[in-house]
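> Dropping a structure here in structure tokens format, bear with me for questions.
The values are calculated or read from the model by the stated rules, or taken from the named source; none is laboratory data. Not measured: the values here are computed from a predicted model. Methodologically, a virtual Cβ is constructed for each residue, glycine included, from the backbone with ideal geometry; neighbour enumeration extends over all protein chains shown. Note: areas computed on protein heavy atoms with side chains; ligands, DNA, RNA excluded. Shrake-Rupley method; radii C 1.70, N 1.55, O 1.52, S 1.80 Å.
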Amino acid sequence: MARAINFSAGPAALPEEILRQAAAEMLDWHGSGQSVMEMSHRGKEFISIAEETEADLRELMSIPKNYKVLFMQGGALGQNAIVPMNLLRGRNVADYVNTGAWSQKSIKEAKKYCAVHIAASSEDENFTYVPPQDTWKPSEDAAYIHICTNETIAGMEYQWTPQTGDTPLVADMSSDILSRPVDVSRFGLIYAGAQKNMGPAGFTLVIVRDDLIGQALPVTPSVFDYKLQADNDWMFNTPATYPIYIAGLVFKWLKRQGGLAAIEKSNIAKAKLLYDFLDQTDFYTNAIRKSDRSRMNVTFRLQDDALNEAFLKAAKERGMVQLKGHRSVGGMRASIYNAMPLEGVRALVEYMREFEREHG
Ligand SMILES: *Cc1c(COP(=O)(O)O)cnc(C)c1O
């Protein structure tokens, strides 16, 4: 059976060599006689996996010592509540930048816990750009300011890191984490669901500066209290052991690729190939401001929506799957996370050129 060229937005494709390694280790991990799925999270085998996984991530992202790394559960949407519960720290206002579908979900949830001030928004142009920082109007007393670094549905991404002074910057990086180097010290907190660029769905990564934790609202569920999780080496309760093990394999794979600077180069090349193609035709269009286009999720529409079904069908016949855009926006979306090789994007562009020739 041939593997599909999988453009899924998430849960997304994983490098084949990792799936093969996981398969080879399925019944007996490193002579333990157990699958990783069957291990106690407090046994020495899994503890060694957990420690190595965290250490590899710290190395990849150059995470400073004064930041805690937590492998939690509840997804990025869980963090939309968990962040305000933990980071309000006696304040009652939080700033949010509204760049689209995922920001809006964060805003809606945060409103249950505090007053939300919209510091900037691109709603006026249907969320097709990232508001430049000189247009932001932050509040005086915000507990933090929240952004979504990559709007997965629209295909729009910050290509810069905001300067927020003393106000901690909080970022939902679910769909572009580990796709490029980031200066973690510019953030108070970073969170990301696992299933776009790290591994199978099941854990949520939180990277948080240690002076921000320890003042959670009293109603905060204990498992979602960053301080309790940090004090218990993120094992206050049972973590998502198997997804974390797979993420550990992904982190090692990333190191073998040359780390985040190398993977960024590859991601730039992949995105450029696709956007350059989109830019020289009128048959396909992309709505996002050029400077803010996502390297991870490339969205496009066909000249005529009536061709969508034919486009998807013939793509599938060529082994290319999950190109359909999010139901809320329609059109197409090619998600080209770290695990998508350049050849996969090349095959897509070739196919798109052919389809245009036949139908344009
Ligand atoms: C996928 C995604 C989410 C949703 O994460 P869950 O793990 O389903 O809670 C949130 N934010 C962004 C930016 C995403 O891409």
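> Working only within segment 61-99, note down all residues that are open to solvent by 20 Å² or more (accessible area, probe 1.4 Å), away from the ligand (no atom under 13 Å from the Cβ) and out of contact with any strand residue (DSSP E or B) (no Cβ under 7 Å at 6 or more places or on another chain).
The answer is Ser62, Pro64, Lys65, Arg89, Gly90, Arg91.
> Restricting segment 161-179 to residues that are touching a residue at least 60 places away in the same chain (Cβ under 8 Å) and farther than 23 Å from Ile263 by Cα, which is farthest from the ligand (Cβ to nearest atom)?
Thr167
> Mind checking whether some residue in segment 207-215 is closer than 30 Å to Met340 by Cα and either in the same structural domain as Glu38 (by TED's automatic domain parsing) or among the charged types (D, E, K, R) (or both)? Spell out how you get there, then give the answer.
Of all residues in segment 207-215, those closer than 30 Å to Met340 by Cα come to 207-208.
Going one step further and asking which of them are either in the same structural domain as Glu38 (by TED's automatic domain parsing) or among the charged types (D, E, K, R) (or both), we end up with 207-208.
Yes, segment 207-215 contains a residue that is closer than 30 Å to Met340 by Cα and either in the same structural domain as Glu38 (by TED's automatic domain parsing) or among the charged types (D, E, K, R) (or both).
To keep it simple, each residue is scored yes or no on (1) more than 24 Å from Gln104 (Cα to Cα); (2) under 17 Å from the mean Cα position of the chain (by Cα).
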{"position": "Ala143", "(1), (2)": "no, no"}
{"position": "Pro162", "(1), (2)": "no, no"}
{"position": "Thr167", "(1), (2)": "no, no"}
{"position": "Asp183", "(1), (2)": "yes, yes"}
{"position": "Phe187", "(1), (2)": "no, yes"}
{"position": "Pro200", "(1), (2)": "yes, yes"}
{"position": "Ile213", "(1), (2)": "yes, no"}
{"position": "Asn232", "(1), (2)": "yes, no"}
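> Something else about it: Filter segment 319-360 down to the residues that are surrounded by fewer than 15 Cβ atoms within 10 Å (Cβ to Cβ) and either of a type in the set (A, V, I, L, M, F, W, C) or assigned to a loop (DSSP other than H, G, I, E, B) (or both) and list them by number.
If the condition is that a residue be surrounded by fewer than 15 Cβ atoms within 10 Å (Cβ to Cβ) and either of a type in the set (A, V, I, L, M, F, W, C) or assigned to a loop (DSSP other than H, G, I, E, B) (or both), then Gly319, Arg327, Ser328, Gly330, Leu342, Gly360 are the ones that fit.
> Let me ask another. Can you name the residue in segment 100-121 that is in contact with a helix residue (DSSP H, G or I) (Cβ under 9 Å, 6 or more places away or on another chain) and among the hydroxyl-bearing types (Ser, Thr, Tyr) and, of all such residues, is most open to solvent (accessible area, probe 1.4 Å)?
By that ranking, first place goes to Tyr113.
> Restricting to segment 108-129, give me the number of residues that are assigned to a helix (DSSP H, G or I) and farther than 17 Å from Thr167 by Cβ. If you could, list the steps in order and put the result at the bottom.
In the first step, residues of segment 108-129 are kept if they are assigned to a helix (DSSP H, G or I); the result is 108-110, 123-125.
Filter once more, so that each one left must be farther than 17 Å from Thr167 by Cβ: 108-109, 123-125.
Total meeting the criteria: 5.
> Taking segment 239-296 only, how many residues are of a type in the set (Ser, Thr, Tyr), within 17 Å of the chain's Cα centre (by Cα) and loosely packed, with under 14 Cβ neighbours inside 10 Å?
Residues in segment 239-296 being of a type in the set (Ser, Thr, Tyr), within 17 Å of the chain's Cα centre (by Cα) and loosely packed, with under 14 Cβ neighbours inside 10 Å: 0 in total.
> While we're on this one: Filter the helices (runs of 4 or more DSSP H) completely within segment 1-94 down to those with at least 2 residues that are acidic (Asp, Glu). Before you say what the answer is, go through the steps one by one.
Working: elements: 16-24, 44-61, 75-87.
Of the helices (runs of 4 or more DSSP H) lying wholly inside segment 1-94, those with at least 2 residues that are acidic (Asp, Glu) span 16-24, 44-61.
> What's the number of the condition Ser122 fails, among (1) within 23 Å of Phe300 (Cα to Cα); (2) away from the ligand (no atom under 16 Å from the Cβ)?
Checking Ser122 against (1) within 23 Å of Phe300 (Cα to Cα); (2) away from the ligand (no atom under 16 Å from the Cβ), the one that fails is (2).
> Something else about it: Does segment 137-149 hold any residues that are part of a loop (DSSP other than H, G, I, E, B) and either crowded, with 17+ Cβ neighbours inside 10 Å or touching a residue at least 40 places away in the same chain (Cβ under 8 Å) (or both), and which are they?
Matches in segment 137-149: Pro138, Ser139, Asp141, Ala142, Ala143, Tyr144, Thr149.
> Does Phe127 meet the test of being surrounded by 15 or more Cβ atoms within 10 Å (Cβ to Cβ) and touching a residue at least 40 places away in the same chain (Cβ under 8 Å)?
Working: surrounded by 15 or more Cβ atoms within 10 Å (Cβ to Cβ): yes; touching a residue at least 40 places away in the same chain (Cβ under 8 Å): no.
Spelling it out, it is not the case that Phe127 is surrounded by 15 or more Cβ atoms within 10 Å (Cβ to Cβ) and touching a residue at least 40 places away in the same chain (Cβ under 8 Å).
> Mind telling me which of the residues Ser48, Ser8, Ser32 ends up being of a type in the set (Ser, Thr, Tyr) and in contact (Cβ under 8 Å) with a residue 60 or more places away in the chain? If you could, list the steps in order and put the result at the bottom.
Numbers: Ser48 fails: in contact (Cβ under 8 Å) with a residue 60 or more places away in the chain; Ser32 fails: in contact (Cβ under 8 Å) with a residue 60 or more places away in the chain.
From the options Ser48, Ser8, Ser32, the qualifying one is Ser8.
> On to the next question. Can you name the condition, by its number, that Trp102 falls short on among (1) within 16 Å of the ligand (Cβ to nearest atom); (2) assigned to a strand (DSSP E or B)?
(2)
> Something else about it: Checking His41 against (1) exposed (fewer than 14 other Cβ atoms within 10 Å of the Cβ); (2) touching a Pro at 6+ places or on another chain (Cβ under 8 Å), which test does it fail?
Result: His41 fails condition (1) only.
> Please work out which one of (1) touching a strand residue (DSSP E or B) at 6+ places or on another chain (Cβ under 9 Å); (2) not assigned by TED's automatic domain parsing to the domain that holds Gln159 is the condition Asp282 fails and give its number.
The failed condition is (1).
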